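The values are calculated or read from the model by the stated rules, or taken from the named source; none is laboratory data. This structure is a prediction, so every number in the text was calculated from the model and none was measured. Don't worry about glycine lacking a Cβ; one is built from the backbone with ideal geometry, like all the others, and counts go over all protein chains shown. Quick note on the areas: whole protein, heavy atoms, side chains included, nothing else; ligands and nucleic acids left out. Shrake-Rupley method; radii C 1.70, N 1.55, O 1.52, S 1.80 Å.
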Amino acid sequence: MRTEKLPGNRLALVGCLLVCLLFALPANGQEGAIGKGETLDLQRCIRIALERHPAVLSAAGAVKAGESRIGQARANYFPQIGASSSYTRTDPYYTPAGTVAQQAGNVYNQYGNSVSLNQTIYDFGKTSAQVDVQNLYTGSSRQDLTDARRQIVYGVKQAYFNYLKTKKNRDVAAETVRQFQHHLSQAQGFFEVGTKPKFDVTKAEVDLSNAKLNMIKAENEFRIARVNLNNALGYPDAPEYEAAEVEFAPHPQRLDFPAALARAYEERPDLKSAAAKREAAEKSIEVAKKGYYPNLTGSAGYGWGGQEFPWDKGWNFGATLN
């Protein structure tokens, strides 16, 4: 067995390709995977949700299905090609009366092959109307995808800020418990030396109990907020992670109601989707009415076959009005 060594330039090229591959592989999956203990910012959460959330994936699949239906509708513009081949072996057989239907030994083979081509010549606009209908439905699906992405982004932002809020509330509740624990220790000390009455100790104990109860509520709200954020990301089984703090700065905009309503009519994708569906439904009525009209189809064929070689050949062409 002989082993050959790669030249230096080829070895360097292979090493470079391996390094590029190693760097490229994590980049493709880094948005969809969350490492345990990782800190996520808002933009990273939005990217993860747009990549993983079932609502976005479903809407994107509907767009692809619509594009396929457009291709199916356009296929009627092109000719339909068919081919067939057959083989038949005929042997003598007996009738129910017991007589030979054919002479003994009259066995023969029959071969047949053919190719055909059919082309729609004129269908009174049925194909073009069907293509228009599918284009409208696909446009509606694209608007649904845009709407789904906007809703997901809105849901992630809402869940993200709620997560930060409940986290702050939990920290405040924990700090309140520590303060009331310190107050209770002070009240007990003052009571033991006789400078404070028993009432102060009892009040401190009640305040501490209420603070602990509020801390439990705050902890539960924080856990629910984490679950809601995971659901908004489309990652319900996400590992433990942290959310980065956001400096929130309000940006007030002056917009009166008529202007806001007009802007909504122009930009909301769900309204655009509904309008496209309505137009497609109206177009479908036209397609159905075109069913009253005939189809003019041209056809051509070529065949060859027979019992023995060389086979006989033949061809045909014509037009059909259905």
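Observations on the model:
- Pairwise centroid distance, computed over Cα atoms, of region 122-138 with region 250-305, Å: 11 Å
- Structure-based [θ]222 nm, the chain - -39500 (n - 2.57) summed over DSSP H runs of at least 4, per residue, nearest 500: -21000 deg cm²/dmol
- Region 148-198, Rg to Rh (Cα coordinates; Rh as Kirkwood inverse mean 1/r): 1.50
- Computed from label points 7 Å out along Cα-Cβ, the spacing between Gln72 and Leu255 is 4.0 nm.
- Relative contact order [Cα under 8 Å, 6+ residues apart], the chain, whole percent: 29 percent
- Flagged links, alpha-carbon separation over 18 Å, of Lys168/Lys203; Lys126/Lys283; Lys126/Lys289; Lys167/Lys217; Lys168/Lys212: Lys168/Lys203
- Modelled this way, with points 7 Å down the Cα-to-C-beta line, the labels at Glu175 and Glu308 are 10.7 nm from one another.
- Total formal charge among the other residues, if their Cβ is under 12 angstrom from that of Leu296, Lys/Arg +1 and Asp/Glu -1: 0
- Column: log10 I(q)/I(0), Debye, Cα scatterers of region 150-249, q = 0.16, 0.22 Å⁻¹: -0.73, -1.04
- Counted residue by residue at 0.36 nm each, then reduced by the alpha carbon distance between them, the extension gain from Ile285 to Val246 reaches 8.8 nm.
- Scanning residues 5 or more positions from Ala243 or on other chains, those with amide H under 5 Å from its amide H are Leu40, with H placed 1.01 Å from N in the peptide plane.
- 1.4 Å probe accessible area per residue over the chain, in Å²: 70 Å²
- Binning the alpha carbon pair distances of region 227-288 at 5 angstrom intervals from zero yields the distribution 4, 12, 10, 9, 10, 13, 15, 12, 8, 5, 3, 1, expressed in whole percent.
- Computed from the Cα positions only, the extents of the chain along the three principal axes stand at 133, 81, 64 Å, in decreasing order.
- Rounded to the nearest 0.05, the FRET efficiency derived from the C-beta distance between Ala262 and Gln158 at R0 = 22 Å is 0.30.
- Extension gain, Val107 back to Lys165 (0.36 nm per residue minus Cα-Cα distance, nm): 11.8 nm
- The chain - percent of accessible surface contributed by carbon and sulfur, probe 1.4 Å: 57 percent
- When the alpha carbon coordinates of region 188-318 are projected onto the principal axes, the ranges are 125, 56, 29 Å, largest first.
- Over all pairs of different C-alpha atoms in region 38-79, the reciprocal of the mean inverse distance, the Kirkwood hydrodynamic radius, equals 12.7 Å.
- Hydrodynamic radius by Kirkwood, which averages 1/r over all alpha carbon pairs of region 103-173, in angstrom: 19.6 Å
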